[in-house]
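See structure below.
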Amino acid sequence: MSFATSSGALPATTDSIAEALEAKDPSESISILYRIIANPSSSPEALRVKEQTISNLSDLLRQEKRAEELRSLLTQLRPFFSVIPKAKTAKIVRGILDAVSKIPDTSELQISLCREMVEWTRAEKRTFLRQRVEARLAALLMESKEYSEALTLISSLVKEVRRLDDKLLLVDIDLLESKLHFSLRNLPKAKAALTAARTAANAIYVPPAQQGTIDLQSGILHAEEKDYKTAYSYFFEAFEAFNALEDPRAVFSLKYMLLCKIMVNQADDVAGIISSKAGLLYVGVELDAMKAVADAHSKRSLKNFETALSNYKAQLEEDPIVHRHLSSLYDTLLEQNLCRLIEPFSRVEIHHIAQLIGLPVDHVERKLSQMILDKKFAGTLDQGVGCLIIFDDPKPDAIYPATLETISNISKVVDSLYLRSARIMA
């Protein structure tokens, strides 16, 4: 629907808005709201009513999941934007973009819409709005795994915003840059961008949600460096901030807290955290997944670990942060179990080891091969008969260290004699 096709404009008054909201059918409400916006009046009162109408209309279109209509609404409102202040234009545009983002499966549409708005803001010389839309576009590109384009956009945006010294936007952009570099596995640049975000945040008042996002990203980066104790404290800070705001990210902060406990061999604490007053608010499949992993870790059971990964694939395998750390934990557990099982043997069938550990033969064979190459133990695989042959640890020959020490001492003596002769010659 458009303003042009609306059946006659309605007066831009609060009574007209009330009439639209009282309509039983959402389509009828939407039609009435379009007719209010179509009113040509540009008096201060009419403009105020139209702003409220646009807000109500975008909410209704969001509820009805009419993403394309929201897109066309943004295009149709451009003449209206020329008669209202730029700050109000920015508020309306961001409101409509937020409404589109809340409709499922609209990533491509959002990217396309942001590109259109960037072009329009550039043509209209609306720098303030353009920078915010570009930041949103970069975030959407990152979610769509178009990292190269997102990085190019962010790099130019950071330089521009630093010149203007817009601290609040700079915090957002630096945080986004940190997430982008982390996705590209460039940890040093991710840490540098996060430090820049913290520096900018220290100079201004940062909303609690944004502070929580900074803490969450700090925790993720510390966990990546295996500093799980520091990561836990950051995730806890993020959880408290999101919990107070009833932000859905609170459950992910809590999930990562539990992950840190598991990774530092404190899996027994997981049940206590889940049953705490704050934890009980978020009981669900995300926490059940971490509890299953914690139980498997406590029992040192690879079979239970694999069952947990299979039963909670969406929560564990598809979460890149959890998956990365659990892969490391699984490998460590597997190596420890295999070393314990092969310790009594000098020659053992791979099939027998697979039965003892409860995993497929090819999986066990591949892991043993990797452990031999990594020199976790001395041995070889006889694949002809399907056996593992374990060698005794070779005893180091004492003559080599002694020889190296002698050569080192001779080198020191020669250096000393050279210095003395140099002094005599001088």
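Throughout, read-outs are computed from the coordinates displayed, never taken from laboratory work. Keep in mind it's a predicted model, so treat the numbers as computed, not measured. Note that each Cβ is placed from the backbone with ideal geometry, even for glycine, and that neighbours are counted across all protein chains shown.
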Test of understanding: in a Gaussian network model of the chain with alpha carbons linked when under 10 Å, which of ILE173, ILE342, ILE262 would top the mean-square fluctuation ranking?
ILE342
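As a quick test, which of the pairs LYS189/LYS303; LYS159/LYS255; LYS102/LYS277; LYS261/LYS313 have an alpha carbon distance above 27 angstrom in this structure?
The answer is LYS189/LYS303; LYS159/LYS255; LYS102/LYS277.
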Scattering from the C-alpha atoms of the range 315-426 alone, worked out with Debye: what is log10 I(q)/I(0) at q = 0.10, 0.12, 0.13, 0.24 1/Å?
-0.53, -0.61, -0.66, -1.26
Filtered trypsin sites (Lys or Arg not before Pro), the range 52-137: DSSP coil and at most 15 other beta carbons within 10 Å:
LYS65, LYS102, LYS125
Based on the alpha-carbon set only, what is the convex hull volume of the chain divided per residue, in Å³?
260 Å³
Excluding same-chain residues fewer than 8 positions from LYS412, which lysines have a Cα within less than 18 Å of its Cα?
none
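Take peptides 240-249, 159-168, 208-217 and line them up by average Cβ neighbours within 10 Å, highest first, as a rough protection proxy.
The densest-packed peptide leads the list: 208-217, 240-249, 159-168.
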Between GLU119 and ASP382, how high is the FRET efficiency from 1/(1 + (r/R0)^6) when r is the Cβ-Cβ distance and R₀ = 51 Å? Nearest 0.05.
0.15
Taking the Cα centre of the chain as origin, sum charge times position over the Cβ atoms of Lys and Arg (+1) and Asp and Glu (-1), and report the length of that vector in debye to the nearest 20.
1320 debye
Convert 37 °C to kelvin, take the viscosity as 0.692 mPa s, use the Kirkwood radius over C-alpha pairs of the range 68-166 as Rh, and evaluate the Stokes-Einstein diffusion coefficient in µm²/s, rounded to a whole number.
235 µm²/s
Assuming R0 = 45 Å, what is the FRET efficiency of LYS65 and LYS189, from their Cβ-Cβ distance, to the nearest 0.05?
0.70
Would you mind checking which residues have amide H under 5 Å from CYS387's amide H? H placed 1.01 Å from N; only 5 or more apart, or other chain.
ILE350, ASP382
With a/c under 1.5 counting as rounded, go ahead and sort the range 214-299 into rounded, prolate or oblate using the C-alpha gyration tensor (a ≥ b ≥ c being the square roots of the eigenvalues; past the cut-off, prolate if a/b is larger than b/c, else oblate).
oblate
Any lysines with Cα under 18 Å of the LYS376 Cα? List them, leaving off those in the same chain fewer than 8 positions away.
LYS367, LYS395
Can you give the extra length, in nm with one decimal, that the chain gains between HIS323 and LYS412 once fully stretched, where that is 0.36 nm per residue apart less the Cα-Cα distance?
26.8 nm
Please work out the FRET efficiency for the pair ASP269 and HIS351, using the Cβ-Cβ distance as r and a Förster radius of 30 Å; give the result to the nearest 0.05.
0.20
D (µm²/s, integer) via Stokes-Einstein for the range 369-426, Kirkwood Rh across alpha-carbon pairs, 20 °C, 1.002 mPa s: value 135 µm²/s
To one decimal place, what Kirkwood hydrodynamic radius in Å is obtained for the range 1-157 from all pairs of distinct Cα atoms?
16.3 Å
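Which whole-number value in Å³ per residue fits the convex hull of the alpha carbons of the range 111-201?
77 Å³
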Looking at the chain as a GNM with Cα springs under 10 Å, which of VAL171, VAL251, VAL385 has the largest mean-square fluctuation?
VAL385
Expected max-MSF residue from SER112, SER16, SER416 in the GNM of the chain (alpha carbon, under 10 Å) is SER416
